[in-house]
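Inspection log for the structure reproduced underneath, given as structure tokens.
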Amino acid sequence: MKRIAFFDTKPYDKIWFDEYNNGRYEIVYFEGKLNRYTVGITAGFDGVCGFVNDDINADVINSLVENNVKILAMRSAGYSNVDLKAAKGRLPVVRVPAYSPYAVAEHAMGLLLTVNRKLARAVTRTRDFNFSIAGLMGVDLHGKTVGVIGTGTIGRVFIDICKGFGMKVIAYDPYPAQNIGVDYVPLTELFKQSDVISLHCPLTESSYHLLNKEAFELMKKGVFIVNTSRGALVDSDALLDALKSEKVRGAALDVYEEETDLFFEDMSGTIIKDDTLSLLISNPNVVLTSHQAFLTEEALEAIAKITLKNFDDFFAGNPLENEVKR
Ligand code: NAI
């Protein structure tokens, strides 16, 4: 029986993997993340299953190859944490390109509503029997312009949701889609025209800090920023400055550029050393969730099914439909 080492396991991962595995692989669940300290335990495994905050750099890839691991299956859509250059021709990397775009797009809209209508503060108040609504004013989203950066699977679902809200949608994507009923504009135009900017593109060398000081300078005063994609698409210090100057009215974040050692863990008894993160979290115009946009039953079920099929295809010698090519 083939053996799979499963990293960064949380209880919700096991539910569907155990159900759909149905005994065909020996899956060993490790709670730790895959990185240079933990890669040693992969000796004797045929496959490895990784997640978004594993640090799968060139050294880790080399060790996986030395340990005779034959395939790396990411149970995520994003793969910016994998050194594909090091893996090329030595270790096939597969992923789950789409599992539930609705999970992420709906969370993005949920975050936008939360920051705009100050829902987290409102609920905290009523829990305390404080029924004052002073300071909770938002804006109508109806009639506002939303700029969607990245019109792939998730971006398009988010566009449909925004249209349902009566928003005007403009978009930027280096590979525009046909017939999706949006006006594509250059990125600088999107920055200038949008009341809300939502990121749905991957993190690559060219998209690193796409929202930086210069980008914020171009934006309308009072813009909302939504990031459910990858933290490093946004320069967090530039975002803090833009919040301070009120250029940005609200930031709705599910990801953070230095999230790796923090997100998915209970750090409530720990002093957080990351001052930028502390300032973001304590800013009243920021809502931040811990990379949970994907976390719906439908998404987790699909992730398990597709990841196991990726392993099946590989071990059966079939073409790898979901292989990540550099
Ligand atoms: P996708 O691959 O279907 O679409 C990405 C789109 O971005 C493509 O149309 C591509 O042409 C475009 N793009 C590439 N580079 C760009 C750039 N520099 N500027 C603008 N557009 C660019 O990906 P999908 O499934 O829609 O996912 C989008 C992102 O969402 C992923 O890359 C991932 O980082 C993130 N994600 C976050 C999750 C969460 O739980 N927070 C869960 C799943 C995905």
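Plainly put, region 58-168 has a radius of gyration that is 1.21 times its Kirkwood radius, both from alpha-carbon atoms, as the Rg/Rh ratio. Neighbour counting of Cβ atoms within 10 Å sorts the residues SER278, SER268, SER207, fewest neighbours leading, into SER268, SER278, SER207. Cα extents for the chain along the principal axes, largest to smallest and rounded to whole angstrom: 62, 48, 33. The shape of region 6-111 can be summarised by an equivalent ellipsoid whose semi-axes, obtained from the alpha carbon gyration tensor, come to 24, 18, 12 Å from longest to shortest.
Size descriptors for region 221-261, from the alpha-carbon set: Rg then Dmax equal 10.2, 33 Å. When all alpha-carbon pairs of region 244-283 are counted, what percent fall beyond 12 Å? That fraction is 68 percent. Calculated mean residue ellipticity at 222 nm for the chain: -10000 deg cm²/dmol, from DSSP H runs with n ≥ 4 weighted as -39500 (n - 2.57), summed, divided by the residue count and rounded to 500. Here, region 171-326 has an Rg and a Dmax of 18.4, 57 Å when only alpha carbons are counted.
Within region 34-77, the ratio Rg/Rh, alpha carbon atoms throughout and Rh by Kirkwood, equals 0.92. At q = 0.16, 0.18 Å⁻¹ the log10 of I(q)/I(0) for region 191-254 amounts to -0.43, -0.55, computed by Debye summation with a single uniform scatterer per C-alpha, solvent ignored.
Here LYS213 is the anchor, and the lysines within straight C-alpha reach of less than 27 Å, apart from those fewer than 8 places off in the same chain, are LYS118, LYS144, LYS168, LYS192, LYS221, LYS244, LYS247, LYS273.
Read the figures in this text as sums done on the coordinates, not as results from a lab. Just so it is clear, the structure is predicted and the values come from calculations on it, not from any experiment. Positions of Cβ are backbone-derived with ideal geometry, glycine not excepted, and every protein chain shown enters the neighbour counts.
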